[in-house]
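As structure tokens, the structure follows; a few thoughts come after it.
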Number of protein chains: 6
Amino acid sequence: MADGAGHMNERIQQFTEFRQRMNTRILEHENQVVRRFFALDTQCYKDGALEVKTKEMLGLVASLVLRCDDCVNYHVAQCRQAGVSREEMLEIFQVGLVVAGSIVIPHLRRAVDFLDQIEATPEASAPPQAPG
Amino acid sequence: MADGAGHMNERIQQFTEFRQRMNTRILEHENQVVRRFFALDTQCYKDGALEVKTKEMLGLVASLVLRCDDCVNYHVAQCRQAGVSREEMLEIFQVGLVVAGSIVIPHLRRAVDFLDQIEATPEASAPPQAPG
Amino acid sequence: MADGAGHMNERIQQFTEFRQRMNTRILEHENQVVRRFFALDTQCYKDGALEVKTKEMLGLVASLVLRCDDCVNYHVAQCRQAGVSREEMLEIFQVGLVVAGSIVIPHLRRAVDFLDQIEATPEASAPPQAPG
Amino acid sequence: MADGAGHMNERIQQFTEFRQRMNTRILEHENQVVRRFFALDTQCYKDGALEVKTKEMLGLVASLVLRCDDCVNYHVAQCRQAGVSREEMLEIFQVGLVVAGSIVIPHLRRAVDFLDQIEATPEASAPPQAPG
Amino acid sequence: MADGAGHMNERIQQFTEFRQRMNTRILEHENQVVRRFFALDTQCYKDGALEVKTKEMLGLVASLVLRCDDCVNYHVAQCRQAGVSREEMLEIFQVGLVVAGSIVIPHLRRAVDFLDQIEATPEASAPPQAPG
Amino acid sequence: MADGAGHMNERIQQFTEFRQRMNTRILEHENQVVRRFFALDTQCYKDGALEVKTKEMLGLVASLVLRCDDCVNYHVAQCRQAGVSREEMLEIFQVGLVVAGSIVIPHLRRAVDFLDQIEATPEASAPPQAPG
């Protein structure tokens with residue numbers, strides 16, 4: 001539905017804008033541990049023994065079982081960018097669902113909705129900047 | 001307050017609509033594990049050695065200590081439909097509060113608000129379709 | 001197996017002894033908040049709008065989804081004492097398993113083992129003193 | 001930004017109003033365990049062997065690693081009132097971030113945003129009534 | 001150290017024996033939801049859009065961030081059997097560590113110890129039967 | 001009791017030895033993210049805007065509400081070394097207990113037992129090397 005997509009589009013934009021603004025804001029503070037943690041978080045998903053795609057899938061399932069919507073959305077966008085197909089995405093969800101149970105279902109609904117929306121609005125699929 | 005109730009009424013409707021639409025959407029995918037999990041989730045709360053009312057109370061306290069608002073709302077509605085009185089509801093909340101601590105309080109506030117609203121708008125108390 | 005039961009018997013005894021000794025030890029401290037919390041924990045499972053049996057079942061499923069073996073064992077013993085049949089016990093486990101997923105399975109194995117052992121050694125089924 | 005601050009101002013007010021209204025609502029019920037728990041929650045942060053400031057910092061880091069936005073906001077306001085500086089606040093966040101990982105980052109963004117807003121709108125920094 | 005390896009060897013054997021005995025024991029009960037959940041857990045990691053190796057890596061990181069030693073050990077053994085190298089294993093651990101924080105470290109120590117031991121005692125690396 | 005203390009003494013020694021051996025073992029791997037995380041974990045508790053004693057108290061309450069015995073023991077030892085009195089220790093426990101509920105009690109029992117033992121065996125109170 002054009003309306004729904006438009007609405008979500010806006011929500012994705014707001015979410016991305018808030019994330020970037022607050023990440024910048026947090027890093028303005030003279031706190032070296034926080035800054036290093038953010039740098040480590042970015043480094044964590046770089047190509048290594050495991051490729052980016054695999055690492056993003058790991059980040060997604062970890063976020064799902066810990067039930068963090070923002071983290072799930074972030075890694076859904078990253079996974080999509082790294083070439084994870086929808087069928088593969090569902091299998092990541094399936095592992096998260098079996099491991100962590102029905103408590104995951106509300107997050108799954110929001111994750112599939114988010115995925116539908118970024119697929120409907122290609123410009124939105126550019127993943128927000130790391131970290132988190 | 002008529003206004004508040006009207007507003008919540010709308011929120012309950014939106015929540016129910018989103019849940020149903022996304023459950024349908026999720027099950028459209030050809031993923032047998034996810035489909036079977038959803039079927040199992042429905043089967044889980046059927047009458048057995050324990051009656052539906054008891055099982056819904058178990059689902060409610062489990063959702064509360066795991067701090068999932070959507071799941072709590074769902075089971076609050078189901079419990080009410082199964083004949084759980086408000087006094088009993090409070091004792092379920094009491095167990096969740098003692099077991100999982102003050103971290104549960106924000107969810108308790110939203111649960112009691114939800115319960116107040118579905119009691120004020122009888123047509124809304126028809127529980128949304130399972131699962132989750 | 002007589003040997004296994006003897007061994008478990010000993011483990012249940014040690015567990016019960018440690019629990020009682022440390023509860024006493026904790027309450028020796030002049031900390032009113034901790035003391036009141038322990039009193040509240042005991043009060044929580046008393047007969048009320050819900051009967052003891054139901055409350056113990058709620059305590060059990062909450063402990064299971066939060067994955068605390070000591071708490072699970074405690075409430076398994078309390079449930080048994082309150083008249084929960086094995087078939088009902090399995091349905092409590094079933095709700096915990098569906099809500100919180102396969103991560104619960106290792107705790108389920110230990111819970112069923114504990115249940116088997118207290119059924120094999122009737123004198124052990126006297127539940128350890130509350131709280132926790 | 002005046003607009004953003006005005007908007008947040010409103011959100012803080014709504015949040016505070018909802019919290020107070022629902023706390024009152026919950027305590028209207030004749031449930032002694034719930035009432036005692038709320039009283040204990042208030043007592044918990046009073047001056048003792050540890051001063052209020054330290055206890056509020058403990059409450060903040062506990063809320064952060066358990067990832068409860070409402071609880072984090074509450075303790076951020078309480079900490080500020082108890083004299084925690086921004087530099088100290090960041091070090092509390094740093095401990096929470098290292099202990100509980102990147103899953104905390106979305107909550108950190110909202111906590112820093114909340115802190116910015118209550119600093120920009122001094123009248124809002126009066127902490128909402130306990131508990132939770 | 002031969003001694004340590006022998007000792008661990010024994011612990012792995014005990015762990016595997018307990019797991020298998022209790023899985024069998026659990027499935028003896030006439031509880032269809034539990035049985036179906038166990039079947040679903042096995043089905044979940046079968047070859048699909050994602051290959052077994054990837055799914056086992058997802059299961060491992062999910063178990064690590066949820067901090068379940070038994071589940072971590074199980075998936076470490078499964079990953080190794082599926083051809084995950086030690087370097088890849090460390091990158092799975094790295095994602096779990098960054099996502100869920102230092103609270104994961106004690107589990108990481110036990111996971112690396114377990115991995116060392118199954119590498120030192122090849123016959124032990126045959127993964128225990130699913131599920132869990 | 002001399003016997004109990006001797007036994008615990010041994011357990012503390014084994015725990016410390018295992019921790020140090022496995023930390024060394026983990027850091028032997030060429031994984032820069034893991035190494036940097038461990039360094040960050042050590043840096044996190046250094047003197048800063050907040051003093052070491054306060055940071056260790058934050059680490060302790062965070063470990064307690066996340067229910068990690070090894071982390072709790074580590075921070076109990078660190079707190080003691082930093083001059084936290086037993087009365088203060090109990091107030092940290094009190095905050096953890098109220099925030100995270102009765103599920104914390106088994107960890108509290110083990111924490112108080114650990115504290116008793118390190119007080120009875122002064123040489124054991126030298127805290128194990130960071131991190132974790």
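Bear in mind these aren't lab numbers, they're just calculated from the coordinates by the rules spelled out. The structure displayed is predicted, hence computed values, not measured ones. Glycine gets a Cβ as well: all are built from the backbone with ideal geometry, and neighbour counts include every protein chain shown.
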TODO: Using a Gaussian network model of chain F whose springs link C-alpha atoms within less than 10 Å, name the residue from F:Gln117, F:Gln32, F:Gln20 with the highest mean-square fluctuation.
DONE: F:Gln32
- [ ] Would you mind telling me which residue in E:Ala111, E:Ala49, E:Ala77 has the biggest mean-square fluctuation in a Gaussian network model of chain E, where springs connect alpha carbons within a distance under 10 angstrom?
- [x] E:Ala49
Task: Dipole of the range A:33-73, positive direction: furthest Cα of A:Met57, A:Cys68, A:Cys44, with charges on the beta-carbon - done: A:Cys44
TODO: Evaluate peptide B:83-96: per residue, the Cβ atoms of other protein chains within 10 Å of its Cβ; return the mean as an integer.
DONE: 6
Open item on the list: Greater than 31 Å separation of Cα atoms is the criterion. Which listed pairs, B:Lys46/C:Lys53; C:Lys55/D:Lys53; A:Lys53/E:Lys46; B:Lys46/C:Lys46; B:Lys46/E:Lys46, meet it?
Closed with: C:Lys55/D:Lys53
Open item on the list: For a quick check: sort C:Tyr74, B:Tyr45 by the number of other beta carbons within 10 angstrom, fewest at the front.
Closed with: B:Tyr45, C:Tyr74
Task: Computed [θ] at 222 nm, deg cm²/dmol, the protein assembly as shown (DSSP H ≥ 4; -39,500 (n - 2.57); rounded to nearest 500) - done: -24500 deg cm²/dmol
TODO: Evaluate the charge dipole of chain C about its Cα centre and quote only its size in Debye, nearest 20, assuming +1 on the Cβ of each Lys and Arg and -1 on the Cβ of each Asp and Glu.
DONE: 380 debye
Open item on the list: Let me check the size of chain F from its C-alpha atoms; what are the radius of gyration and Dmax in Å?
Closed with: 15.1, 46
- [ ] Round to a whole angstrom and tell me the spacing of the C-alpha centers of the range E:26-49 and the range A:20-67.
- [x] 34 Å
Open item on the list: Please check: in the Gaussian network model of chain E (C-alpha springs, under 10 Å), which one of E:Arg86, E:Arg21, E:Arg67 has the largest mean-square fluctuation.
Closed with: E:Arg21
